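Below: one structure, written as structure tokens.
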Amino acid sequence: MTEIELKTENNTKDIKLYSSKAISGATFLGGPLAAGYLIGENFKALDKPNEGRNSLLIGIVSTIILFGGIFMIPENIIDKIPQQIIPLIYTGIIWGIVEWKQGDVLKAHKENDNSFFSGWRAAGIGFISLLILGIGIFGYAFLSTDNELYEKYDTEIAKFSKNENETLVFYDNLNTGNNYTLLKELDERTIPKWKENIEIINNTNQFDDLPTELIKQNEILLKYSELRVQAFELFRKAIKEDTEIYAKQLEQIHIQIDNELNKLN
């Protein structure tokens, strides 16, 4: 349809549209999400609901891709890019899309002195979009930090578990080893590794924003580790003195160990 026909028929006299200028301004402020919404509203006003829904969907997907890509850029590179460059680029792209898809209609709408929504209304939508983006970015950053914290914690606990597994074989060796090998095992591996486990738990307690459940778990693991050290040091004393007089005391310590382990289950 030519511009003359559009002007003559004035098919849009009873509706309001967002101008390309208003859409561009809202896009600069609120990103592709704002653009997708406003372009979609124009399509709906023009009785093209499918194009309207598609525009909003494309705006959402484009926003995810855009900011996902930005987050993937190394920080040392993103810091060198002027802050206005990226908004200017995607605003220019959106302006081109609006001119391509709705340019003729918007031009005829203006020439026929039909009504447009105010730029302030479009800016308000851009601001709402900006708030949504801000919440999304904050949530992403929060979850990413949270995941990093758990990964960091799990790495330390993996070391703890490795030490635990390597030292509990001492109980198997009690029935097969001689006093010399048992004392050597206690001095060179078993007791040092449990003291290392105490350090591991103390170090994880220094992590910023450690969740409450992990703090409680650490309290149990710390008590458990201290009991293990007590038990193995008492084993060492009993073996060195070649005596059974510490058997009752060892039994009590192992009851406490079992109690702490039950708290973790």
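The table below lists the values:
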{"item": "Condition check for I257: surrounded by 14 or more Cβ atoms within 10 Å (Cβ to Cβ), closer than 30 Å to N147 by Cα and of a type in the set (A, V, I, L, M, F, W, C)", "result": "no"}
{"item": "Qualifying residue in region 151-159 (condition: within 30 Å of F232 (Cα to Cα), modelled with pLDDT of 90 or more, in contact with a Lys or Arg (Cβ under 9 Å, 6 or more places away or on another chain) and not assigned by TED's automatic domain parsing to the domain that holds L46)", "result": "no"}
{"item": "Number of positions in region 160-187 that are farther than 15 Å from K237 by Cβ, in contact with a helix residue (DSSP H, G or I) (Cβ under 9 Å, 6 or more places away or on another chain) and aromatic (F, W, Y)", "result": "1"}
{"item": "Some residue of region 144-166 being among the acidic types (D, E) and over 32 Å from the mean Cα position of the chain (by Cα)", "result": "yes"}
{"item": "Residue list for region 61-92, restricted to those being hydrophobic (A, V, I, L, M, F, W, C) and surrounded by 14 or more Cβ atoms within 10 Å (Cβ to Cβ)", "result": "L66, F67, I86"}
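The values are calculated or read from the model by the stated rules, or taken from the named source; none is laboratory data. All of these numbers come straight from a predicted model, not from anything done at the bench. So basically every Cβ, Gly included, is an ideal-geometry build from the backbone, and we count neighbours across all protein chains shown.
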